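Notes follow once the structure below has been shown.
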């Protein structure tokens with residue numbers, strides 16, 4: 001959405017253009033019918049008079065034509081001067097507004113910590129951004145198409161204009177303070193280059209990359225990507241699963257649907273749930289009674305997953321639990337432990 005000041009300037013520009021057009025029409029018709037000029041000569045006299053270039057008249061002017069020319073010159077000085085002022089102010093104001101907006105955006109990005117960087121705002125990038133917005137996760141989008149940024153920048157999202165292959169652009173997006181980078185560029189070679197650059201800049205970064213070709217999987221992993229996603233393969237597997245086990249897949253899909261706070265699954269760091277200096281188990285948390293949520297998974301500090309863990313599973317620092325519940329139960333859990 002445009003700035004109201006720019007809209008005001010734009011309306012003034014339209015007014016100035018209409019006044020210039022009207023002035024030219026008056027000049028042409030005046031010289032045609034007052035001075036008796038041919039149409040081409042009337043246009044010529046009007047242009048050299050309005051622009052004050054100082055060429056000699058085509059035919060010597062009679063007294064009526066001289067009086068008309070005087071008023072035409074005075075009117076042109078006012079109208080042309082007004083038009084030049086408005087157009088100049090508009091250009092300067094637009095540039096200033098863009099600079100102010102960019103500085104404000106950069107200040108917001110510089111204040112972010114543990115945020116996510118999405119490289120590319122195509123189909124995969126948009127889906128990632130939509131999911132992150134639903135979970136209130138801070139993120140920055142790196143996009144080199146200015147038209148895309150201008151179209152979506154008012155949707156409460158932070159953009160950086162530039163090529164994600166350039167280190168300076170990644171640094172501008174706050175890669176040194178980021179926790180995760182999502183490479184959603186359409187070209188595998190570009191994703192590979194971004195993964196290499198990002199891993200070199202921030203060794204602790206979690207990097208997730210898409211790949212179009214299966215042959216790119218190992219290369220992206222070798223370059224430093226923690227996870228590589230093949231959208232085409234996932235889509236094919238999903239469609240086949242809808243044939244083999246349709247009800248189960250539909251149920252799982254519903255768990256992952258995120259709408260207006262419709263979150264059914266949550267991943268929680270155990271440090272948020274209790275004092276890690278005390279030895280506790282999943283049973284001790286009693287999340288089912290407190291929030292209505294059920295623990296369906298456990299991830300230890302080494303990254304190993306346990307599905308449907310036992311109630312006496314010990315909670316250790318660095319581990320996580322995965323809970324299942326209705327949206328209102330998840331919201332209750334989040335509010336109880338201030339989970340973000």
From largest to smallest, what semi-axes in whole angstrom does the range 112-235 give when each is the square root of 5 times an eigenvalue of its alpha carbon gyration tensor? 21, 16, 14
Would you mind ranking 61, 205 by Cβ crowding within 10 Å, fewest neighbours first? 61, 205
Roughly how tilted is helix 123-134, in degrees to the nearest 10 and between 0 and 90, from the longest Cα axis of the chain? 70
Using label points projected 7 Å from each Cα along Cα→Cβ, tell me how many nm separate residue 89 and residue 48, to one decimal. 3.4
How far apart, in nm, are the 7 Å Cα→Cβ label points at residue 126 and residue 107? 3.2
At R0 = 25 Å, how high is the FRET efficiency between residue 307 and residue 234 if r is their beta carbon distance? Nearest 0.05 is fine. 0.75
Go from 0 up to the bin containing the longest alpha carbon distance in the range 34-146, width 10 Å each, and give me the % of pairs per bin. 11, 24, 15, 10, 10, 13, 12, 4
So what's the angle, to the nearest 10 degrees on a 0 to 90 scale, between helix 327-337 and the longest Cα principal axis of the chain? 80
Average projection area in nm² (convex hull over Cα atoms of the range 182-324, one quarter of hull surface): 11.4
Computed Rg/Rh for the chain (Cα atoms; Rh = Kirkwood radius) stands at 1.26
Expected 222 nm ellipticity per residue - DSSP helices of 4 or more, -39500 (n - 2.57), all of the chain, to 500: -17500 deg cm²/dmol
Please rank 188, 89, 300, fewest neighbouring Cβ atoms within 10 Å first, as an exposure proxy. 89, 300, 188
Using only Cα atoms and rounding to the nearest 10 degrees, what angle (0 to 90) does helix 39-50 make with the longest principal axis of the chain? 70
Only Cα pairs within less than 10 Å get springs; with that Gaussian network setup on the chain, which residue of 44, 90, 135 has the largest fluctuation? 44
What residue among 161, 133, 24 shows peak mean-square fluctuation when the chain is described by a Gaussian network model with Cα springs under 10 Å? 24
Cα centroid distance between the range 284-340 and the range 117-178, in Å? 31
Sequence of 322, 171 once ranked by neighbouring C-beta atoms within 10 Å, starting from the fewest: 171, 322
Quote the relative contact order of the range 112-235 in percent (integer), defining contacts as alpha-carbon pairs under 8 Å separated by 6+ residues. 23
Rounded to 5, the percent of DSSP beta bridges in the chain classed as antiparallel: 45
Simple label model, 7 Å out from Cα along Cβ direction - residue 206 to residue 13, nm: 4.6
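The numbers here are math on the coordinates, done by the rules we state, and not lab data. Just so we're clear, the structure is a prediction, and the values are computed from it rather than from any experiment. All Cβ positions, glycine included, derive from the backbone under ideal geometry; neighbour counts span all protein chains shown.
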